[in-house]
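Below is one structure, written out as structure tokens, with a few remarks after it.
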Amino acid sequence: MKSFLIALAITLSACAQSTYHTATPIASGTNELGVSAGLGYASGDYSFLGSDDSEPDSKQLRPTLDLSYRRGLNTWSDLGVHVGTSLLRVDYNAALVNSPSFALSLNPQLDTHLRLTMGIYADVLKSSGAIVTLNLSPSYIFLEESPAAGAGILLKIPIGAFSAILYFQTEKVLKVARSLRPALSLTGGLGLAYGF
């Protein structure tokens, strides 16, 4: 039963998306508050009660709700807190490159499932009218000694003090305890961010 609950928690936590900000840090001393809603799909194969027999694929489509807060620390970094449908995550966004047309950042993240993620974010389209951000997010879940890999895309359209956000994120847990097949999640949705 314990392995079932742990595997289920990992599968559900995979639905929480990490694509909710750009590679470009927000301005020093400013704040950004965001909310997004969407749908998450998760599937996984896991054993029940520690047996070698696998349960049928557990698949589900469910709504997601995410709240985020970011604070600009200096010209090249910001700090964020993300409360998702199934987790709490803290991240630090440090820009390696931040030009008017391109940004590249490293984004270490730690969440309540003891998942450590090193996000690599790139603003591949960056203008006053829109920012398109791609990310790769390799991670490691310490409770299960399980590596995972994620990727996502974010479109952010500034509208005055607000920004409209469209995102898509996918993640594959490469090894779930006593699993024959790894867990997979897909998440997408719309959001709104307010800068102040």
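The values are calculated or read from the model by the stated rules, or taken from the named source; none is laboratory data. What you see is a predicted model, and the numbers here were worked out from it, not measured in a lab. Here the Cβ positions follow ideal geometry from the backbone for every residue, glycine too, while neighbour counts run over all protein chains shown. Just the protein is used for accessible areas: all its heavy atoms, side chains included, with ligands, DNA and RNA removed. Shrake-Rupley method; radii C 1.70, N 1.55, O 1.52, S 1.80 Å.
Let me confirm something: among Asp78, Asp111, Asp91, which residue is surrounded by 15 or more Cβ atoms within 10 Å (Cβ to Cβ), charged (D, E, K, R) and more than 18 Å from Asn31 (Cβ to Cβ)? So that I can check it myself, show each step before the final result.
Details: Asp78 fails: more than 18 Å from Asn31 (Cβ to Cβ); Asp91 fails: more than 18 Å from Asn31 (Cβ to Cβ).
From the options Asp78, Asp111, Asp91, the qualifying one is Asp111.
Kindly evaluate Ala183 against the criterion of being buried (at least 21 other Cβ atoms within 10 Å of the Cβ), in contact with a Ser or Thr (Cβ under 9 Å, 6 or more places away or on another chain) and more than 22 Å from Pro25 (Cα to Cα).
Yes, satisfied.
In the stretch 21-35, is there at least one residue being touching a strand residue (DSSP E or B) at 6+ places or on another chain (Cβ under 6 Å), at pLDDT below 50 and outside any strand (DSSP E or B)?
No; the residues of the stretch 21-35 include none that is touching a strand residue (DSSP E or B) at 6+ places or on another chain (Cβ under 6 Å), at pLDDT below 50 and outside any strand (DSSP E or B).
I need a count of the residues in the stretch 91-118 that are part of a strand (DSSP E or B) and under 18 Å from Gly72 (Cα atoms).
The qualifying residues number 15.
Find the residue count for the stretch 139-167, including only residues that are open to solvent by 20 Å² or more (accessible area, probe 1.4 Å), at pLDDT below 95 and in contact with a strand residue (DSSP E or B) (Cβ under 6 Å, 6 or more places away or on another chain).
Here the count works out to 4.
Going residue by residue through the stretch 54-61, is there one that turns out to be in contact with a strand residue (DSSP E or B) (Cβ under 7 Å, 6 or more places away or on another chain), in a strand (DSSP E or B) and at pLDDT 75 or above?
Looking for residues that are in contact with a strand residue (DSSP E or B) (Cβ under 7 Å, 6 or more places away or on another chain), in a strand (DSSP E or B) and at pLDDT 75 or above, one finds at least one in the stretch 54-61, hence yes.
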